[in-house]
Amino acid sequence: MKARPVGLTIVATLMAVTAIGTLLFWVTFFADLEAQRTGYFASQSNSWFAWELSFPLADGWMSLTALLAAVGLWRMRPLGLFFALVSSGAMVFLGLMDALFFLQNGLYAPINAEVAVEMVIHIWTVAFGLTAMVTVWRHRYALLPAQTI
C-alpha cells in the first residue's frame, strides 16, 4: 500500500468531519422546526425559511460524497480523488449560494451568535472546498494507478 501524504490525511479527516457536522446541523434544524420557522433569520427575511428548506438534499449529496471521499482518500483509492473533487465543488457551490443569499438579504448584520455560526459555515464550505480541491489535485498521482498517468 502506498504511503498516504499528510495533506490527503488532513483532507480525508476534514471531509468526514464536514459530512458529520452537516448531518448534525440538519438534525438540530429539524429537531425544532417551529423555532426555525419563527427564529432570528425568519424574522429578518420572509424568504429565509423556504430558502433554508431547499438545502437538505444538496447538503446530503455533498455529505455523501465527502464521506466517500474520506474513505477513498484514507485508503488511497482513485475514487477518493473523484469524490473529493465532486464534494469540494459542491461545498464551494453551496457556500457561495448561501453567502450570496445572506448578502442580498442583509443577514450578516448585525452580528449575533446565529449570524456568526452561519458565517463560519459559509467561510468553511468555500475555504475548505477550495483547499481540498487544490490539495487532492496536487496529490492526484499518488491516488491514480501508475498505468493511467
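Just so you know, all these numbers are worked out from the coordinates, no wet-lab data involved. Just so you know, these numbers come straight off a predicted model, no measurement behind them. As a convention, Cβ positions derive from the backbone with ideal geometry for all residues, glycine included, and neighbour counts pool all protein chains shown.
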Exercise. How much FRET efficiency would the formula 1/(1 + (r/R0)^6) give for Arg138 and Asn105, where r is the Cβ-Cβ distance and R0 is 30 Å, rounded to 0.05?
Worked result: 0.20
Seminar exercise, completed: With label points set 7 Å from each Cα along the Cα-to-Cβ direction at Ile20 and Ala50, the distance between them in nm comes to 3.7
Seminar exercise, completed: Charge dipole of segment 6-144 built from unit charges on the beta carbon (Lys, Arg +1; Asp, Glu -1), centred at mean Cα; most positive-end Cα among Thr18, Ser63, Phe82 is Phe82
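Can you tell me the length gained on complete extension of the stretch Phe93 to Lys2, counting 0.36 nm per residue apart and subtracting the Cα distance?
Working: separation 91, 0.36 × 91 = 32.76 nm, distance 3.20 nm.
Stretched fully, the Phe93-Lys2 segment lengthens by 29.6 nm.
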Exercise. When all C-alpha to C-alpha distances in segment 6-144 are sorted into bins of 10 Å, what percent of pairs does each bin hold, rounded to whole numbers?
Worked result: 12, 41, 28, 14, 4, 0
Exercise. Local charge sum around Trp124 (other residues, Cβ-Cβ under 14 Å, Lys/Arg +1, Asp/Glu -1)?
Worked result: -3
Exercise. What is the distance in Å between the Cα centres of segment 73-98 and segment 18-44?
Worked result: 24
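If the only charges are +1 at each Lys and Arg Cβ and -1 at each Asp and Glu Cβ, what is the size of the charge dipole of the chain around the Cα centre, to the nearest 20 debye?
960
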Problem set entry | Spin-label model distance (nm) - Val117 vs Glu34, 7 Å beyond Cα toward Cβ | 1.9
For this session: Multiply the residue gap between Ala42 and Thr9 by 0.36 nm, knock off their C-alpha separation, and tell me the result in nm, one decimal place.
Result: 8.0 nm
Problem set entry | Proximal charge balance of Ala12 [Cβ under 13 Å; K/R count +1, D/E count -1] | +3
